[in-house]
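Asks: Would you mind keeping the following structure in view while I ask a few things?
The values are calculated or read from the model by the stated rules, or taken from the named source; none is laboratory data. For clarity, every value in this text was computed on a predicted model and none was experimentally measured. Cβ sites come from the backbone with ideal geometry, for glycine too, and all protein chains shown count toward neighbours.
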Amino acid sequence: MTKRTDITETWGLFDRGHLPYRLLLLAKMIDRATARQVRDGAGLTLAEWRVLAHAVVLGDANASRIAAAAAVDRAEVSRALLSLEKAGLVTREADPNHGKRQQVNVSPEGLALHDRFRRERITFFDTITADLDDEELGALDGYLLRIARQTQAFDDE
C-alpha cells in the first residue's frame, strides 16, 4: 500500500499562484471520500449518487438537464440512470412535452435512500468545514461562485 503524503506537503508543492491546482486537489480528496461513503453507505457509485441527488433536487428532470446541472457528460448520466432504474430507485417515462426525451422520476425507494444518505453527507460537510464559522462559510461560498462564473465565462469564449 502506498504511503499517503501529508496534505500540507502536497499543498505546498505549488504556491498560491496555482490556486486551480489546489481546488482540483481538494475536489479529488472530497470525491474520494464521497465515493467511499456512497459505496459503503448507499451501495451506489459516485456517478449514481450524483444523478440521484440531482434528480431529487431538480424534480422535473431529464438526462440532459441532470448532465448540465452536474457539469458531467450526458453518457455518464445515462449509464447511471440505467443502473438506478435497474435498482428501482428511478423510473423513466416519455416526456409528454418532448417526443424523444425521457422524464426521470425518483421512486419512493430512491427518495428514501436519498433522504437517509443526504443526512450523512451533511454531517460530512459539517465535519470538513468545522473550522469555519458561518461568516467564513458564506464568504468562501461567494468566492467560489465568483471563480466559477469567471471560469464559465472563459469556457464560453
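Asks: Filter segment 83-97 down to the residues that are modelled with pLDDT of 95 or more and in contact with a Lys or Arg (Cβ under 9 Å, 6 or more places away or on another chain) and list them by number.
Replies: Across segment 83-97, the qualifying residue is only 85.
Asks: Name the residue that is farthest from residue 31 (Cα to Cα), counting only residues in segment 97-128 that are in a helix (DSSP H, G or I) and charged (D, E, K, R).
Replies: Selected residue: 109.
Asks: Where in segment 1-93 are the helices (runs of 4 or more DSSP H), entirely inside, with at least 2 residues that are hydrophobic (A, V, I, L, M, F, W, C) and in contact (Cβ under 8 Å) with a residue 24 or more places away in the chain?
Replies: So the answer is 19-42, 46-58, 63-70, 74-86.
Asks: Can you confirm whether residue 112 is touching a strand residue (DSSP E or B) at 6+ places or on another chain (Cβ under 7 Å) and not basic (Lys, Arg)?
Replies: Answer is no for this residue.
Asks: Which of the numbered conditions does residue 75 fail, given that it passes all the others? Conditions: (1) surrounded by fewer than 14 Cβ atoms within 10 Å (Cβ to Cβ); (2) touching a strand residue (DSSP E or B) at 6+ places or on another chain (Cβ under 8 Å).
Replies: (2)
Asks: Tell me which residues, restricted to segment 99-138, are of a type in the set (A, V, I, L, M) and surrounded by fewer than 15 Cβ atoms within 10 Å (Cβ to Cβ).
Replies: 112, 122, 128, 130, 132, 137, listed by residue number.
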